[in-house]
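Colleague: One structure is given below, represented as structure tokens, and several questions about it will come after.
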Number of protein chains: 2
Amino acid sequence: MSEIPYKIYLEEKEMPDRWYNVRADMKKKPAPILNPGTLKPVTLEELSGIFCEELARQELDDTTAYFDIPEEIRSFYKMYRPSPLVRAYCLEKKLDTPAHIYYKFEGNNTSGSHKLNSAIAQAYYAKKQGLKGVTTETGAGQWGTALSMACSYFDLDCQVYMVKVSYEQKPFRREVMRTYGANVTPSPSMNTEVGRKINAEFPGTTGSLGCAISEAVEAAVTQEGYRYVLGSVLSQVLLHQSVIGLETKAALDKYGIKADMIIGCAGGGSNLGGLISPFAGEILRGEASYDIIAVEPASCPSLTRGVYAYDFCDTGKVCPLAKMYTLGSGFIPSANHAGGLRYHGMSSIVSELYDQGLIRATSVEQTSVFEAAEMFARVEGILPAPESSHAIRVAIDEAIKCKKTGEEKNIVFGLTGTGYFDLVAYQKYNDGEMGDYIPTDEELQKSISQMPKVE
Amino acid sequence: MSEIPYKIYLEEKEMPDRWYNVRADMKKKPAPILNPGTLKPVTLEELSGIFCEELARQELDDTTAYFDIPEEIRSFYKMYRPSPLVRAYCLEKKLDTPAHIYYKFEGNNTSGSHKLNSAIAQAYYAKKQGLKGVTTETGAGQWGTALSMACSYFDLDCQVYMVKVSYEQKPFRREVMRTYGANVTPSPSMNTEVGRKINAEFPGTTGSLGCAISEAVEAAVTQEGYRYVLGSVLSQVLLHQSVIGLETKAALDKYGIKADMIIGCAGGGSNLGGLISPFAGEILRGEASYDIIAVEPASCPSLTRGVYAYDFCDTGKVCPLAKMYTLGSGFIPSANHAGGLRYHGMSSIVSELYDQGLIRATSVEQTSVFEAAEMFARVEGILPAPESSHAIRVAIDEAIKCKKTGEEKNIVFGLTGTGYFDLVAYQKYNDGEMGDYIPTDEELQKSISQMPKVE
């Protein structure tokens, strides 16, 4: 066996040519998404009014195991993929652990995160369908950035509704999107009926993700040749993100490494679901076992403290209902700096795998997350996004446990992106001004009790 | 011949194990640097009071062709090197050019630029000499960021004097440095004699690079166990940066590609000098010919409009004198957004190669640079630093010429870093508020006439 390099790069020809749909290997499938009006499973026709037809098809297909990655998408992937699987030699040395730590680094593209893997797929299908453009919302800005870049590549119009407070506080995110030619509108805006209504009702409001989703959906359905796109939660997104897990597995196999633990941060579930899909598939088919850990912020603990039930995917209640681990769509997470993890629910695939006991979950507090982020940055030379740093925290904790037990575990975690646009958070941490927030049982009970009653 | 991939990655074992010192192959060497007091060539002993001894030795050695890269530095390099040589297929398609465009991408590390190649070397030698720490100045912040990261890796104290206006206007750069544990002081400060003097003389001043250098040098020579380090201009820096050119050449050779043109942006010359060194060596040894182009900003045109003479390297006039193409150390460049190129002089190696006619130079205006940057970002998916975008501009122009002539030239350029911290500049460009500035002949004459008279 050859020595394991710092970075395991696959060759271009080793890049996956198919996405993997883990639902195909699940005996008990995730529950179907429901039409919010009829409470019946959404049909392809209904869903095609909101999403591109091909994406709607992917969303509803829980039996096809593999989907060919179209050549145009593979061609774009080649600009930044295969992404490296890095052996964290320096972190191991710093921790003095017998564990072998690996991370799959998805930050090596200008969007700065894994979001691009699905953005380019969604833009491609929109272009293929002959659409003029797409609409979306963005909070933290990673998804909006990735989508802007993808639309620019396929020469599609991209309309991003950005939560007004982010629009004002994250001007650099906004500028990246504009540089890629996107039309970025602070939400609530005066462009849409729902925006005008909210502005009239709450003058001076700085917006919310729920409101931005509502505006983006309205903009999609009221403009000829537009559809709405979303960067997480959906099963189609996890399908596209399976490229992360497939590459990770291929890189490990190349060097004969068997992962013991696989760790990922979990907000809506797009990264975690993508990373673990092929490994969960092996578990489901009885071929291997892995200790898979979803890491969520203590301030927004949908898996560890939520309920498994049908809920709205958006605060505006315009999207289909999904059965998922949720804190209730009315739950308002604290201003945790990991904006990408501030989501009340969890992908229905991840939720079902968790419910079946195939993966476990843990939650961590934000100051301990930044402590891990800083240690990681200093030795590994990558400034991690706060979201990704949730996985780093748990990987470090597990490696420290290995030091105590002497186990040479192979720990693999997903490093979803970089923290270049999160330096306000780092500054707070550096200045000792960062706090932690954990919702009380009463708060959670309140938002959970307001959920729709669907059986 | 196999098909050329989007990214040519060398394997770790193909990473250079020696730096190349192009001076060894120059029959006419760059003129020696002079002691500013005696105007005699600086001795190793004198230089060792400011720089680490090994670095002083490298600075003065113009005959040794190769220096082994110490194992500790190679080990660090492996975290982000070999860096990819990317075939810009998408840009070629966009330009509809028969030219083949390649870029060596040095932005794949958290410091975001090529500066890390020398920062880690300088930190290593400081550590090896048993020093407590190093001092430096930073303007735009790329060098300070890289050095902070390098010092953090070797557990060295890092004191950065950051021009006060940058300290205030680029708080995120400052936070990255702090995250890596550096001590960042706005300059002029009250820490040093020169700082206190300037503060007393010019209350409320926002500082200058010259002042920050003076403070950093004073801090180095007045603290036990400290030395001063610099990120460009010096021959030692070009030596370390030769790793860029050596890898570029190895990647081209791997696929049997012969470069026709090599293009790099030029501020102090660290990136350009590193990129072209092995190619210039081939020219000097009569083994090959290349069309090498240095690209500088029209607002700070040291090669294209400066004089070739001895000048101070710093505005504070505390460093040795170097013979170089210069606009005079008193020249104050306009507030061009490519902060890393706002330097009055040019590396003595690059200057001498230029004077011997081995390379040519051109200057470009900043709005045309940002136009090229935006086009590049949209198709190639990397948001380039304004500095790097000078090379992109000329690469695009040359590829367009090839379209007219039908020539299938192989154009190689250096993409030194990313523009994540330059979004204020992108915003100005997006808003149509960016201007151009070209100094008048009178302005240049004035600063050039104030230069020291040294023969």
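The values are calculated or read from the model by the stated rules, or taken from the named source; none is laboratory data. Quick caveat, the model's predicted, so the values are computed rather than measured. Neighbour counts run over all protein chains shown; Cβ positions are idealised from the backbone, glycine included. The accessibility values were calculated without ligands, DNA or RNA, using every heavy atom of the protein model including side chains. Shrake-Rupley method; radii C 1.70, N 1.55, O 1.52, S 1.80 Å.
Colleague: Can you pull out every residue in the range B:144-173 that is closer than 12 Å to B:S111 by Cα and either out of contact with any His (no Cβ under 9 Å at 6 or more places or on another chain) or open to solvent by 20 Å² or more (accessible area, probe 1.4 Å) (or both)?
Modeller: If the condition is that a residue be closer than 12 Å to B:S111 by Cα and either out of contact with any His (no Cβ under 9 Å at 6 or more places or on another chain) or open to solvent by 20 Å² or more (accessible area, probe 1.4 Å) (or both), then B:G144, B:T145, B:L147, B:S148, B:M149, B:A150, B:R173 are the ones that fit.
Colleague: If you don't mind, another one. Please indicate, with yes or no, whether at least one residue in the range B:114-122 is more than 30 Å from A:E106 (Cβ to Cβ), of a type in the set (S, T, Y) and crowded, with 21+ Cβ neighbours inside 10 Å. Don't jump to the end; show me each part of the working.
Modeller: Restricting attention to the range B:114-122, the residues satisfying the condition of being more than 30 Å from A:E106 (Cβ to Cβ) are B:122.
Keeping just the survivors that are of a type in the set (S, T, Y) gives none.
So far as the range B:114-122 goes, no, none of its residues is more than 30 Å from A:E106 (Cβ to Cβ), of a type in the set (S, T, Y) and crowded, with 21+ Cβ neighbours inside 10 Å.
Colleague: Could you list, in sequence order, all residues of the range A:91-112 that are open to solvent by 10 Å² or more (accessible area, probe 1.4 Å) and at pLDDT 95 or above?
Modeller: Result: A:E92, A:K93, A:K94, A:L95, A:D96, A:T97, A:P98, A:H100, A:F105.
Colleague: Name every residue in the range A:381-401 that is more than 14 Å from every other protein chain (Cβ to nearest Cβ) and not aliphatic (A, V, I, L, M), in order of residue number.
Modeller: Across the range A:381-401, the qualifying residues are A:E387, A:H390, A:R393, A:D397, A:E398, A:K401.
Colleague: Show the residue pairs that are 6+ apart or on different chains and have beta-carbon atoms under 7 Å apart, the first residue being within the range A:433-455 and in contact (Cβ under 8 Å) with a residue 12 or more places away in the chain and assigned by TED's automatic domain parsing to the domain that holds A:L303, the second being of a type in the set (D, E, K, R) and in a loop (DSSP other than H, G, I, E, B).
Modeller: From the range A:433-455, the pairs are A:D436/A:E365.
Colleague: Under the condition of being open to solvent by 50 Å² or more (accessible area, probe 1.4 Å) and touching a residue at least 60 places away in the same chain (Cβ under 8 Å), which residue from the range A:284-306 is nearest to A:R393 (Cα to Cα)?
Modeller: Step by step, filter the range A:284-306, then rank; the result is A:R305.
Colleague: Which members of the range B:128-140 meet the condition of being closer than 17 Å to B:V237 by Cβ and either modelled with pLDDT of 90 or more or assigned by TED's automatic domain parsing to the domain that holds B:T416 (or both)?
Modeller: Those that are closer than 17 Å to B:V237 by Cβ and either modelled with pLDDT of 90 or more or assigned by TED's automatic domain parsing to the domain that holds B:T416 (or both): B:V134, B:T135, B:T136, B:E137, B:T138.
Colleague: When you look at B:L415, is it touching a Gly at 6+ places or on another chain (Cβ under 8 Å) and among the aliphatic types (A, V, I, L, M), yes or no?
Modeller: yes
Colleague: Within the range A:236-264, track down each residue that is in contact with a Pro (Cβ under 9 Å, 6 or more places away or on another chain), open to solvent by 10 Å² or more (accessible area, probe 1.4 Å) and either outside any helix (DSSP H, G or I) or touching a residue at least 60 places away in the same chain (Cβ under 8 Å) (or both). If you could, list the steps in order and put the result at the bottom.
Modeller: Residues of the range A:236-264 that are in contact with a Pro (Cβ under 9 Å, 6 or more places away or on another chain), as a first pass: A:242-243, A:245-251, A:255.
After this cut, where a residue has to be open to solvent by 10 Å² or more (accessible area, probe 1.4 Å) as well, the list is A:246, A:249-250, A:255.
Correct list: A:L246, A:A250, A:Y255.
Residue-wise test of (1) within 27 Å of B:G306 (Cβ to Cβ); (2) not assigned by TED's automatic domain parsing to the domain that holds B:E407.
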site	(1), (2)
B:S166	yes, yes
B:K170	no, yes
B:R174	no, yes
B:R178	no, yes
B:A251	no, no
B:Y255	no, no
B:G267	yes, no
B:G273	yes, no
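Colleague: Let me ask something else. Take the residues in the range B:207-216 that are more than 17 Å from the chain's Cα centre (by Cα) and crowded, with 24+ Cβ neighbours inside 10 Å, then tell me which one is farthest from B:G49 (Cα to Cα).
Modeller: So the residue we want is B:G207.
Colleague: State whether one or more residues within the range B:409-421 are within 14 Å of chain A (Cβ to nearest Cβ), touching a residue at least 60 places away in the same chain (Cβ under 8 Å) and assigned to a loop (DSSP other than H, G, I, E, B).
Modeller: yes
Colleague: With the condition kept exactly as written, say whether any residue in the range A:141-150 is β-branched (V, I, T), under 28 Å from A:F312 (Cα atoms) and either touching a Ser or Thr at 6+ places or on another chain (Cβ under 6 Å) or assigned by TED's automatic domain parsing to the domain that holds A:G273 (or both).
Modeller: yes
Colleague: Can you pull out every residue in the range A:11-56 that is within 14 Å of chain B (Cβ to nearest Cβ), at pLDDT 95 or above and more than 29 Å from A:G133 (Cα to Cα)?
Modeller: A:E14
Colleague: When residues of the range A:422-451 are filtered for being facing chain B (nearest Cβ under 10 Å), open to solvent by 70 Å² or more (accessible area, probe 1.4 Å) and farther than 29 Å from B:N108 by Cβ, how many remain? Explain how you work it out, then say what you get.
Modeller: From the range A:422-451, those facing chain B (nearest Cβ under 10 Å) are A:422-431; that's our starting set.
Next cut, open to solvent by 70 Å² or more (accessible area, probe 1.4 Å) only: A:424, A:428.
Narrowing further to those that are farther than 29 Å from B:N108 by Cβ: none.
Total meeting the criteria: 0.
Colleague: Sticking with this one: Can you find even one residue in the range A:411-420 that is closer than 26 Å to A:P98 by Cα and out of contact with any helix residue (DSSP H, G or I) (no Cβ under 9 Å at 6 or more places or on another chain)?
Modeller: no
Colleague: Let me ask you something else. Here are the criteria: (1) assigned to a strand (DSSP E or B); (2) over 30 Å from B:R87 (Cα atoms). Tell me which single one B:A335 does not satisfy.
Modeller: All conditions are met except number (1).
Colleague: Within 13 Å of another protein chain (Cβ to nearest Cβ), within 22 Å of A:H114 (Cα to Cα) and β-branched (V, I, T): does that describe A:I359?
Modeller: No, not satisfied.
Colleague: Taking the stated definitions as given, is A:R227 charged (D, E, K, R) and within 25 Å of A:C52 (Cβ to Cβ)?
Modeller: Taking the combined requirement at face value, the residue satisfies it.
Colleague: Give me a count of the residues in the range B:1-47 that are hydroxyl-bearing (S, T, Y), assigned to a loop (DSSP other than H, G, I, E, B) and buried (at least 19 other Cβ atoms within 10 Å of the Cβ).
Modeller: Applying the first criterion (hydroxyl-bearing (S, T, Y)) to the range B:1-47 yields B:2, B:6, B:9, B:20, B:38, B:43.
Filter again for assigned to a loop (DSSP other than H, G, I, E, B), leaving B:2, B:6, B:9, B:38, B:43.
Next cut, buried (at least 19 other Cβ atoms within 10 Å of the Cβ) only: B:6, B:9.
Total meeting the criteria: 2.
Colleague: Residue under question is A:S118, and the condition is that it be within 13 Å of chain B (Cβ to nearest Cβ) and either at pLDDT 95 or above or in contact with a His (Cβ under 8 Å, 6 or more places away or on another chain) (or both); does it hold? Working first, answer last.
Modeller: Working: within 13 Å of chain B (Cβ to nearest Cβ): no; either at pLDDT 95 or above or in contact with a His (Cβ under 8 Å, 6 or more places away or on another chain) (or both): yes.
So A:S118 does not fit the description; no.
Colleague: Output the residues belonging to the range B:341-395 that are open to solvent by 10 Å² or more (accessible area, probe 1.4 Å), small (G, A, S) and part of a helix (DSSP H, G or I).
Modeller: B:S348, B:S368 - these are the residues of the range B:341-395 that are open to solvent by 10 Å² or more (accessible area, probe 1.4 Å), small (G, A, S) and part of a helix (DSSP H, G or I).
Colleague: List the pairs whose first member sits in the range A:154-170 and is closer than 22 Å to A:G130 by Cα, whose second member is among the acidic types (D, E), and whose Cβ atoms are under 8 Å apart, counting only residues at least 6 apart or on separate chains?
Modeller: A:V160/A:E137
Colleague: Further question: Looking at the structure I just gave you, is A:A280 farther than 30 Å from A:A219 by Cβ and aliphatic (A, V, I, L, M)?
Modeller: Answer is yes for this residue.
Colleague: Could I ask something else about it? Just one of A:V295, A:V237 is under 17 Å from A:Y103 (Cβ atoms) and under 17 Å from the mean Cα position of the chain (by Cα); which is it?
Modeller: The match here is A:V295.
Colleague: A follow-up question, please. Take the residues in the range B:174-192 that are within 27 Å of A:Q169 (Cβ to Cβ) and in a loop (DSSP other than H, G, I, E, B); name whichever of them is farthest from the other protein chains (Cβ to nearest Cβ).
Modeller: Across the range B:174-192, the extreme among qualifying residues is B:A182.
Colleague: What are the residues in the range A:57-100 that are under 23 Å from A:V229 (Cα atoms), among the hydroxyl-bearing types (S, T, Y), within 14 Å of chain B (Cβ to nearest Cβ) and touching a residue at least 40 places away in the same chain (Cβ under 8 Å), if any?
Modeller: Within the range A:57-100, A:Y77 is the sole residue that qualifies.
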